[in-house]
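Working notes, beginning with the structure itself.
The values are calculated or read from the model by the stated rules, or taken from the named source; none is laboratory data. Just so it is clear, the model here is predicted, and its values are computed rather than measured. Cβ placement follows ideal geometry from the backbone for every residue including glycine, while neighbour counts extend to all protein chains displayed. What goes into the accessible areas is simple: the full protein's heavy atoms, side chains included, and nothing from ligands, DNA or RNA. Shrake-Rupley method; radii C 1.70, N 1.55, O 1.52, S 1.80 Å.
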Amino acid sequence: MRGDRELTVAVVYPSLLGTYGDAGNALVLQRRLQWRGLRARLVAVEVGEPVPEHCDVYVLGGAEDGAGRTAADMLAGDRGLRRAVAAGRPVLAVCAGLQILGHEVRTHTGQDHAGLGLLDLTTAPRAARAIGEVTGRPVGGWSADLLSGFENHRGSSVLGSAARPLATVLSGVGNGAGEPVEGAVQGSIVATYLHGPVLARNPALADWLLESAVGEALEPLEVESVTRLRAERLGAVRAHGRVRGRTTTR
Amino acid sequence: MGLRARAAVAAGNLTAAVSRASGMGAGSIIGGRVSLALDPHLLTRLTAGRGVVVVTGTNGKTTTAALIAAALGTAGRVASNTGGSNMLDGLVAALTRDRQAPHAVLEVDELHVPQVLDSVDPAVLVLLNLTRDQLDRVGEVAHLITTLRTALVRRPGCLVVANPDDPAVVAAVPDGARVVWVATGSSWEHDTVVCPRCAQVLTRSDGDWWCGCGLRRPVPDWRFDESGFTGPGGAHGPLVVALPGLFNRANATVALAVADAFGVSLGRSTTAVAAVVQVSGRYRQVRHRGHDVRLLLVKNPAGATEMLGVLAGGTSELVLVVNGREADGRDLSWVWDVPFEQLAGRRVTVAGERASDVAVRLGHAGVPHRVVHDPWAALAGLTEPTVDVLANYTAFRDLVRGLDRAR
């Protein structure tokens, strides 16, 4: 590939959008490049700094309502992320990150807050917090392996026609509106409610983002501890018998 | 106490004794539950006429309550739930165990404080810190702030001893409350980047912080540094703390402030605080199969980060034991918020039911490690003479029990 170009993984507002381990997603992207012998650097974009538009992949994490609202306002006044998305640069958005990239977020105090409108979805509060293991079957052929993660959110997100789900839900809540689906994919944006962080449990999702960033197929990479963790978590969900439909796929 | 309360206490004590004798547990939770079922107003009755201190916060509750109990103990008997049973049944059990003690120091789970404040009229509420912990059980910090503040408004006579360095704590203290501010510092600011009241980004400078909406760091009445503590009116003295870590020096300063509010002399309370060497197993050193093993409890990213600070510079072998049961929180995403990269170069074993989650985290941190799911097997494979075991809630509890049995 591209000689020895250094790839950059931008973490957007880690102190605002970083509830519960989401910064780990950026670390997973960096390590999976490095473990393949590629150079990769994390770029933490702090509050008050402009979002650079030429990074190779962007990561947005979760937040409580207040911090999420402030992050949305700041991103609305910054062109960097919009330009990166327009240029087709891959973005991973988790939880509040998913919500604020949508059109609108209604908080549980009943206020509406504008999102960036980069994802065709709107979010309203759920009556009860959705908490627990999630298993999903990927939609759109990005992987043959099941999506696995932990959700912990009070949002209910309805997808519009321009966005498609990341997965259909086999166990857990996911987006929590209408059909049991999880996450959203639109253009180069991949959004999900799964924490964990999601990329540590789903190397196929990490590599999908990275191949989009690099622009070519990456060599396969098996990390034994990750394979074992996936097997354990998927096994634990099956053992509780909470899975909808068949889960014969790995 | 009336007949009903006495019967409730007797039934609870009997249940606890049966539970202990049958080896089912320490008995305090089940005994308290039985008593409360028989008399729902028991907490009010059991605390009437006593000087009660309620201690809450995300981290440091148990240790701070133990330090306060030690300091107050110089002025008379103290009833306390230092075993860590910090929900209603545990409080009842502690209060029934010593009904004559003039003081009670009660560690209370932060979610249960509003309920406790409605039944108990404490002389002092200690509010240490409010950070993310078991997000699946406790929920968001913002919600916690609102419920604590509302509950405190209903207790205007209660003295609040609180930490001005945590904006979430400051936002939880109602205007007009009687407050003693004890600066305990904080190395964890991830949950208060934005103002807990208005969500604007906070300005921070040199330990101070403020927001455009008017919320700002109150001037502390008490603080500490290497040379010792400083209290109101310039009172100053040495601060000797046997427990490790800067956060325990902070907890000790809180204990001095609370004891001072009860009129205990600083000379007495500093001596009492210095004598505390372990708190229900935490920081305890045990000899196990030829190794010196120290037991450390870590439950959330703020606490774990502080604990890694305690370990920094040492060479001890480490065993991390992590479970994911309800009492631990089933969401273990927080292990990604802990700077485990600092452990590079140490000999590390991960154990517990969720060892694989920690192993993946350590793998990404570049920290070589062994995975041994069974904690006792992990302890059997130690090589270094000194070992630190970091365990989360149920893992820690099981280790303490197991080590007690082995003695």
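Could you say whether any residue in segment B:371-378 is open to solvent by 20 Å² or more (accessible area, probe 1.4 Å), over 19 Å from B:K299 (Cβ atoms) and free of Cβ contacts under 8 Å to residues at least 12 places away in the same chain? Spell out how you get there, then give the answer.
So in segment B:371-378, the residues open to solvent by 20 Å² or more (accessible area, probe 1.4 Å) come out as B:371-377.
Subset that is over 19 Å from B:K299 (Cβ atoms): B:371-374, B:376-377.
When the remaining residues are screened for being free of Cβ contacts under 8 Å to residues at least 12 places away in the same chain, the result is none.
The answer is no, given that none of the residues of segment B:371-378 is open to solvent by 20 Å² or more (accessible area, probe 1.4 Å), over 19 Å from B:K299 (Cβ atoms) and free of Cβ contacts under 8 Å to residues at least 12 places away in the same chain.
Only residues that are touching a residue at least 40 places away in the same chain (Cβ under 8 Å), under 26 Å from B:G73 (Cα atoms) and open to solvent by less than 50 Å² (accessible area, probe 1.4 Å): list them for segment B:271-303, please.
Matches in segment B:271-303: B:A272, B:V273, B:V276, B:V279, B:G281, B:R282, B:Y283, B:R284, B:L295, B:L296, B:L297.
Under 6 Å between Cβ atoms, which residue pairs at least 6 apart in sequence (or on different chains) link something in segment B:379-399 that is farther than 13 Å from B:L320 by Cα with a partner that is in a strand (DSSP E or B)?
Listed pairs, sorted by first residue: B:E384/B:E317; B:T386/B:D292.
A:G160 - would you say it is in contact (Cβ under 8 Å) with a residue 24 or more places away in the chain, at positive phi and not charged (D, E, K, R)? Outline the logic, then answer.
Numbers: in contact (Cβ under 8 Å) with a residue 24 or more places away in the chain: yes; at positive phi: no; not charged (D, E, K, R): yes.
It is false that A:G160 is in contact (Cβ under 8 Å) with a residue 24 or more places away in the chain, at positive phi and not charged (D, E, K, R).
Taking segment B:274-322, which residues are touching a Phe, Trp or Tyr at 6+ places or on another chain (Cβ under 8 Å) and polar (S, T, N, Q)?
B:N300, B:T305
Considering A:A204, A:A200, which residue is buried (at least 24 other Cβ atoms within 10 Å of the Cβ) and under 20 Å from A:R32 (Cβ atoms)?
Numbers: A:A204 fails: buried (at least 24 other Cβ atoms within 10 Å of the Cβ).
The conditions single out A:A200.
What tally of residues in segment A:96-114 results from selecting those that are surrounded by fewer than 16 Cβ atoms within 10 Å (Cβ to Cβ) and within 18 Å of A:V12 (Cβ to Cβ)?
1
Give segment A:1-44 a look and list any residue that's part of a strand (DSSP E or B), modelled with pLDDT of 95 or more and among the β-branched types (V, I, T), or say none.
A:T8, A:V9, A:V11, A:V12, A:V43
If a residue has to be in a loop (DSSP other than H, G, I, E, B) and either in contact with a Cys (Cβ under 8 Å, 6 or more places away or on another chain) or in contact (Cβ under 8 Å) with a residue 40 or more places away in the chain (or both) to count, how many in segment A:78-102 make the cut?
Let us first name the residues in segment A:78-102 that are in a loop (DSSP other than H, G, I, E, B), namely A:78-79, A:87-90, A:95, A:102.
Those left that are additionally either in contact with a Cys (Cβ under 8 Å, 6 or more places away or on another chain) or in contact (Cβ under 8 Å) with a residue 40 or more places away in the chain (or both): A:88-90, A:95, A:102.
Total meeting the criteria: 5.
Among the residues of segment B:267-317, write down those that are basic (K, R) and touching a helix residue (DSSP H, G or I) at 6+ places or on another chain (Cβ under 6 Å).
So in segment B:267-317, the residues basic (K, R) come out as B:268, B:282, B:284, B:287, B:289, B:294, B:299.
Passing the criteria: B:R268, B:K299.
Inside segment B:65-177, counting only helices (runs of 4 or more DSSP H) that do not spill past its ends, which hold 2 or more residues that are touching a strand residue (DSSP E or B) at 6+ places or on another chain (Cβ under 8 Å), within 14 Å of chain A (Cβ to nearest Cβ) and not β-branched (V, I, T)?
Numbers: elements: B:88-97, B:113-119, B:135-138, B:141-153, B:167-172.
Answer list for segment B:65-177: B:135-138.
How about segment B:225-252: which of its residues are touching a Lys or Arg at 6+ places or on another chain (Cβ under 9 Å) and under 16 Å from B:G267 (Cα atoms)?
Residues satisfying the conditions are B:F229, B:T230, B:G231, B:L239, B:V241.
Taking the conditions exactly as written (of a type in the set (G, A, S), assigned to a loop (DSSP other than H, G, I, E, B), within 21 Å of B:G281 (Cβ to Cβ) and open to solvent by 10 Å² or more (accessible area, probe 1.4 Å)), does B:G345 satisfy them or not? Give the derivation first.
Details: of a type in the set (G, A, S): yes; assigned to a loop (DSSP other than H, G, I, E, B): yes; within 21 Å of B:G281 (Cβ to Cβ): no; open to solvent by 10 Å² or more (accessible area, probe 1.4 Å): yes.
For B:G345, the condition - of a type in the set (G, A, S), assigned to a loop (DSSP other than H, G, I, E, B), within 21 Å of B:G281 (Cβ to Cβ) and open to solvent by 10 Å² or more (accessible area, probe 1.4 Å) - is not met.
Can you name the number of the only condition in (1) open to solvent by less than 10 Å² (accessible area, probe 1.4 Å); (2) at the interface with chain A (Cβ under 10 Å from one of its Cβ atoms) that B:V367 fails?
Evaluating B:V367 over (1) open to solvent by less than 10 Å² (accessible area, probe 1.4 Å); (2) at the interface with chain A (Cβ under 10 Å from one of its Cβ atoms) leaves (2) as the failure.
How many residues are within 26 Å of the chain's Cα centre (by Cα) and not in a helix (DSSP H, G or I) if we restrict to segment B:362-407?
Residues in segment B:362-407 being within 26 Å of the chain's Cα centre (by Cα) and not in a helix (DSSP H, G or I): 7 in total.
Of everything in segment A:30-62, what is within 21 Å of A:L205 (Cβ to Cβ) and within 13 Å of chain B (Cβ to nearest Cβ)? Give them in sequence order.
A:Q30, A:R31, A:R32, A:L33, A:Q34, A:W35, A:A40, A:L42, A:V59, A:G61, A:G62
Take the residues in segment B:206-231 that are open to solvent by less than 60 Å² (accessible area, probe 1.4 Å), under 26 Å from A:D65 (Cα atoms) and assigned to a strand (DSSP E or B); name whichever of them is nearest to the other protein chains (Cβ to nearest Cβ).
Step by step, filter segment B:206-231, then rank; the result is B:W209.
Looking at segment A:104-126, which of the residues that are within 14 Å of another protein chain (Cβ to nearest Cβ) and in a strand (DSSP E or B) is nearest to the chain's Cα centre (by Cα)?
First, the residues of segment A:104-126 that are within 14 Å of another protein chain (Cβ to nearest Cβ): A:105, A:107-109, A:111, A:113, A:125-126.
Filter once more, so that each one left must be in a strand (DSSP E or B): A:105, A:113, A:125-126.
On the way: A:V105: 17, A:H113: 21, A:P125: 19, A:R126: 20 Å.
Checked segment A:104-126; the qualifying residue nearest to the chain's Cα centre (by Cα) is A:V105.
Going through segment A:19-32 one residue at a time, which ones are closer than 20 Å to A:G48 by Cβ and open to solvent by 10 Å² or more (accessible area, probe 1.4 Å)?
Answer for segment A:19-32, where residues must be closer than 20 Å to A:G48 by Cβ and open to solvent by 10 Å² or more (accessible area, probe 1.4 Å): A:T19, A:A23.
Mind listing just one residue for me: the one in segment B:321-338 that is open to solvent by 40 Å² or more (accessible area, probe 1.4 Å) and in a loop (DSSP other than H, G, I, E, B) and, of those, farthest from the other protein chains (Cβ to nearest Cβ)?
Checked segment B:321-338; the qualifying residue farthest from the other protein chains (Cβ to nearest Cβ) is B:R325.
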